[in-house]
Amino acid sequence: QVQLVESGGGLVQAGGSLRLSCAASGSIFSIGAMAWYRQAPGEQRELVARISKGPKTNYADFVKGRFTISRDSGKNTVYLQMNSLKPEDTAVYYCNADLAGRGIFDWSNYWGQGTQVTVAS
């Protein structure tokens, strides 16, 4: 059974930094693209950043220059370094991954449980 477990959320002052981690565990044959999404209260979930297996990265315009996504394939982990945080970055941050569990044809998309990030003004 595959699990994505996020960590690193918390409360930070505006202008501060946080680093989120998401580790995939369980039966893993291969991991493709990994991404971070966020969802603020009353809002839809939105893509923050995505990293392919290449790795090629893509960022939402609202985090360009402030957030950096990276991955450690040996640890099946994706990171999100968040700098210059703003109150509007407050949200639950979710990890997402395309992952093959038991073999090359066993691809599915997985979500973590989310980690709260709160930025105080």
Discussion item. Quick check for me: using +1 on Lys/Arg Cβ and -1 on Asp/Glu Cβ, what's the dipole size of the chain about its Cα centre, in debye to the nearest 20?
Written reply: 300 debye
Item to complete: Pop out the ³J(HN,Hα) list for segment 20-34 in order, Karplus 6.51 cos²θ - 1.76 cosθ + 1.60 with θ = phi - 60°, rounded to Hz; leave Gly and Pro as x.
Response: 8, 10, 9, 10, 8, 9, x, 7, 10, 8, 7, 10, x, 5, 10
Discussion item. Under 16 Å between alpha carbons, and skipping anything fewer than 8 positions from LYS64 in its own chain: which aspartates and glutamates qualify?
Written reply: GLU46, GLU88, ASP89
Worksheet item: Do any GluC sites (Glu not before Pro) in segment 21-100 lie in a loop, going by DSSP, with at most 14 other beta-carbon atoms within 10 Å of their beta carbon, and if so which?
Response: GLU43
Item to complete: Whole number in Å², please: accessible area per residue of the chain, 1.4 Å probe, ligands, DNA and RNA not counted.
Response: 52 Å²
Discussion item. Please list log₁₀ I(q)/I(0) at q = 0.23 Å⁻¹ for the chain, using the Debye equation with identical point scatterers on the alpha-carbon positions.
Written reply: -1.33
Item to complete: Pull out the extension gain between ALA40 and ASN58, defined as 0.36 nm times the separation in residues minus the alpha carbon to alpha carbon distance; nm, one decimal.
Response: 4.4 nm
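Calculate what fraction, in whole %, of the accessible area of the chain sits on carbon and sulfur atoms when a 1.4 Å probe is rolled over the protein chains.
48 percent
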Response to the item:
Per the charge dipole of the chain (beta-carbon charges, Lys/Arg positive, Asp/Glu negative, Cα centre), the residue among GLN44, GLN116, VAL78 reaching farthest to the positive end is VAL78
Response to the item:
With +1 on the Cβ of every Lys and Arg and -1 on the Cβ of every Asp and Glu, the dipole magnitude of segment 36-101 about its Cα centre, in debye rounded to the nearest 20, is 260 debye
Worksheet entry | Cα-projected label distance for GLN116 with ILE104, points at 7 Å along beta-carbon direction, nm | 4.5 nm
Worksheet item: Going toward the positive end of the dipole of the chain, with +1 on Lys and Arg Cβ and -1 on Asp and Glu Cβ, which of LEU11, ILE69, TYR93 do you reach last?
Response: ILE69
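The values are calculated or read from the model by the stated rules, or taken from the named source; none is laboratory data. This is a predicted model, so every value here is computed, not measured. Glycine gets a Cβ as well: all are built from the backbone with ideal geometry, and neighbour counts include every protein chain shown. Calculation scope for accessible area: heavy atoms of the full protein, side chains included, ligands and nucleic acids excluded. Shrake-Rupley method; radii C 1.70, N 1.55, O 1.52, S 1.80 Å.
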